[in-house]
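Input: a single structure, listed below in structure tokens.
The values are calculated or read from the model by the stated rules, or taken from the named source; none is laboratory data. Since we're looking at a predicted model, the values are computed, not measured. All Cβ positions, even for glycine, are placed from backbone atoms using ideal geometry, and neighbour counts span all protein chains on display. These accessible areas exclude ligands, DNA and RNA; they are computed on the full protein's heavy atoms, side chains included. Shrake-Rupley method; radii C 1.70, N 1.55, O 1.52, S 1.80 Å.
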Amino acid sequence: MWDVAIVGGGPAGSSCAAFCATAGLRTVVLERDKFPREKVCGDCLNPDCWPILQRLKVEEQTHKAAHVALEFVEFIDRSGRSLRVALPPGAEIALKRSIFDSILLQRARELGAEIHEQTTLGAISRANDSWQLTTTAGKQFSARVLVGADGRNSTVARLLGLFPRAPKERVALQAHVPLPANFGNRVVLQWLPHGYSGQAPVNERELNVCLVAEAKSIATLRDWASRQFGLAPSQRWRTITPLTRAALPPAQENLLLIGDAARVVEPFTGEGIYYAMSSGELAATSISRGESARYASAHRRLYAGRLWINTLARAAVVSPGFAAIAFRCAQFQPALLHWLTRKVASGR
């Protein structure tokens, strides 16, 4: 019998596992993939992540990993006009998820969590006040508390009948491509006729390219990227959908949802990893204190005062008219764009 079973070994699950193990809880993580692996992500860490990494004692290791310190954000509208906003020194770095996620999962293992990779959850049931988890290979685990940390398409939520009905949504593609010469230490957020693109260098050789569009337009956007960056027809793209969906209740009796499994933020803001790790730490604290019911209120406070930025960002990327107005306003009032960028890319 485990104290805590965590499904998903990404930043949310690994952080939660590390903090649970530190608190002396018998912790097991079920992860369907084999690390290292990449994820559809902008690969950016904002400064709010660093205090959590310090508490996990992996700050130095993260800094030593191959990464790029980002210096400014460049916004490009559909007509090709651009605006640049400087980032606070050291505020944001770009780091491949294959590296970052492996650091976190290995730290959870070092602290005493038992990690089962290439393990896919197949069924969930309740018996004698515990959760019974059965993998697709037939292996069984029992735990007092279950944590769903398995992303926006959470298997935990689906198996328990909690997953919301998914509307027609946008599709995201992501790939690491050769870094163009003189790209610079910048993040590019670019509106295009059929969607938008985010670009950031992750090391001296590779550029992270993300594409977001409706399903009917994603092939056109992919063709644009192939021309823009000189990509071969065989270029592989990772994909994910939906990008946003209704939030789920983060806590029920001995069941906690963390990271994207609970609430998905607009990827345009680049705050997903912070929310993942922070919610993982909050969940671990609640479990270790025997107050898992209090996690819901802590989770609400985590997002309080920040969701308006997420709403504004979503409007900018899904509504061409709103984006055009916002861009014109920013040209005449650049201080507003600087302020909004600082809200996202500087510590709270």
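Annotations
- Residue within region 304-315 that is in contact with a Pro (Cβ under 6 Å, 6 or more places away or on another chain) and either of a type in the set (Val, Ile, Thr) or at pLDDT 95 or above (or both) present: no
- Inside region 192-225, residues that are open to solvent by 30 Å² or more (accessible area, probe 1.4 Å) and more than 22 Å from Pro88 (Cα to Cα) make up a count of 12.
- Single residue of region 9-25 satisfying the filter (assigned to a helix (DSSP H, G or I) and of a type in the set (A, V, I, L, M)) that is farthest from Ser278 (Cα to Cα): Ala21
- Total residues in region 43-57, condition open to solvent by 40 Å² or more (accessible area, probe 1.4 Å) and on the phi > 0 side of the Ramachandran plot: 1
- Members of region 109-129 that are in contact (Cβ under 8 Å) with a residue 60 or more places away in the chain, outside any loop (DSSP other than H, G, I, E, B) and touching a Leu at 6+ places or on another chain (Cβ under 9 Å): Ile115, His116, Leu121
- Whichever residue in region 251-291 is in a strand (DSSP E or B) and in contact with a strand residue (DSSP E or B) (Cβ under 9 Å, 6 or more places away or on another chain) and, among such residues, is most open to solvent (accessible area, probe 1.4 Å): Ala251
- In region 58-82, the residues that are at negative phi reach residues that are of a type in the set (Asp, Glu) and surrounded by fewer than 15 Cβ atoms within 10 Å (Cβ to Cβ) with C-beta atoms within less than 9 angstrom, at least six apart or across chains, in these pairs: Ala66/Glu204; Val68/Glu204.
- Residue tally, condition among the aliphatic types (A, V, I, L, M) and in a strand (DSSP E or B), over region 180-222: 10
- Restricted to region 130-146, and to residues there that are more than 24 Å from the chain's Cα centre (by Cα) and in contact (Cβ under 8 Å) with a residue 40 or more places away in the chain, the residue that is most open to solvent (accessible area, probe 1.4 Å) is Arg144.
- In region 154-183, the residues that are without any contact (Cβ under 8 Å) to a residue 60 or more places away in the chain form Cβ pairs under 9 Å with partners that are among the β-branched types (Val, Ile, Thr) and open to solvent by 20 Å² or more (accessible area, probe 1.4 Å), at six or more places apart or across chains, as follows: Leu159/Ile124.
- Qualifying residue in region 156-163 (condition: open to solvent by less than 30 Å² (accessible area, probe 1.4 Å) and either modelled with pLDDT under 95 or not in a helix (DSSP H, G or I) (or both)): no
- Taken over region 48-58, the criterion of being farther than 13 Å from Leu95 by Cα and in a helix (DSSP H, G or I) is satisfied by Trp50, Pro51, Ile52, Leu53, Gln54, Arg55.
- One residue alone among Val40, Val68, Val28, Val7 is in contact with a helix residue (DSSP H, G or I) (Cβ under 6 Å, 6 or more places away or on another chain), open to solvent by less than 50 Å² (accessible area, probe 1.4 Å) and among the aliphatic types (A, V, I, L, M), and that residue is Val7.
- Taken together, the criteria place Val29 among residues that are part of a strand (DSSP E or B) and within 20 Å of Glu281 (Cβ to Cβ).
- Selected residue (criterion: nearest to Gly148 (Cα to Cα)) from residues of region 104-125 that are surrounded by fewer than 19 Cβ atoms within 10 Å (Cβ to Cβ) and among the hydrophobic types (A, V, I, L, M, F, W, C): Ala123
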